[in-house]
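J.: Before we start, here is the structure in question, set down as structure tokens.
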Amino acid sequence: SVQHGLLQVAERALFLWNNDHFVNLIAHNRQVILPIIFPALDSVQSHWNPAVINLTHNIRKMFLEMDEKLFISCHNHFKEGPFNNSFS
């Protein structure tokens, strides 16, 4: 997973995002997927490895460009607290 502390595991999980077919599937299902993975994408910002942080930043940027309104909604929801599961 992207939250995993081991560098190789984190990098491999993040490299999936370089696959066009994978990204296309994610894009078509982003309303379901982004709210689920957003906490992991946010928490990786404190990862010890700069490469993992950079890869995660690229994924966050991709989601922001893909659907800015959804990204901002997920960001605001996550900042409200992890136990509030109602998305609008």
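J.: Among residues other than N18 whose Cβ falls under 12 Å from its Cβ, what is the net charge (Lys/Arg +1, Asp/Glu -1)?
T.: -1
J.: Is it possible to state the helix-based mean residue ellipticity at 222 nm for the chain, with each DSSP H run of 4+ residues giving -39500 (n - 2.57), the sum divided by total residues, to the nearest 500 deg cm²/dmol? What is it?
T.: On the way: 5 runs with 62 residues, N = 88.
The helix contribution divided over the chain gives -22000 deg cm²/dmol.
J.: Follow-up. Identify which of the listed values of Cα extents along the principal axes in Å was calculated from the structure shown: (1) 59, 26, 18; (2) 36, 29, 17; (3) 48, 19, 19.
T.: Derived directly from the coordinates: (2).
J.: Can you give me the distance in nm between label points at N54 and I72, each placed 7 Å from the Cα along the Cα-to-Cβ direction?
T.: Output for this residue pair reads 3.0 nm.
J.: Between beta-carbons, use under 15 Å as the cut-off and find the net charge around H75, counting Lys and Arg +1, Asp and Glu -1.
T.: 0
J.: Let me ask something else. Report, to the nearest whole %, how much of the accessible area of the chain belongs to carbon and sulfur atoms, 1.4 Å probe, protein only.
T.: Carbon and sulfur together cover 58 percent of it.
J.: Next question, about the same structure. Heavy atoms only, probe 1.4 angstrom, no DNA, RNA or ligands counted: give me F38, F15 ranked by accessible area, highest first.
T.: F15, F38
J.: What whole-number value in Å² describes the accessible area per residue of the range 2-80 for a 1.4 Å probe?
T.: 62
J.: Residues with beta-carbon under 12 Å from that of L55, excluding L55: net charge, scoring Lys, Arg +1 and Asp, Glu -1?
T.: +2
J.: Taking the Cα-to-Cβ direction at K61 and at N18 and moving 7 Å from each Cα, how far apart do the two end points lie in nm?
T.: 1.6
The values are calculated or read from the model by the stated rules, or taken from the named source; none is laboratory data. Being a predicted model, the structure only gives us computed values, none of them experimental. Heads up, the Cβs are rebuilt from the backbone with ideal geometry, glycines too, and the neighbour counts pull from every protein chain shown. Note: areas computed on protein heavy atoms with side chains; ligands, DNA, RNA excluded. Shrake-Rupley method; radii C 1.70, N 1.55, O 1.52, S 1.80 Å.
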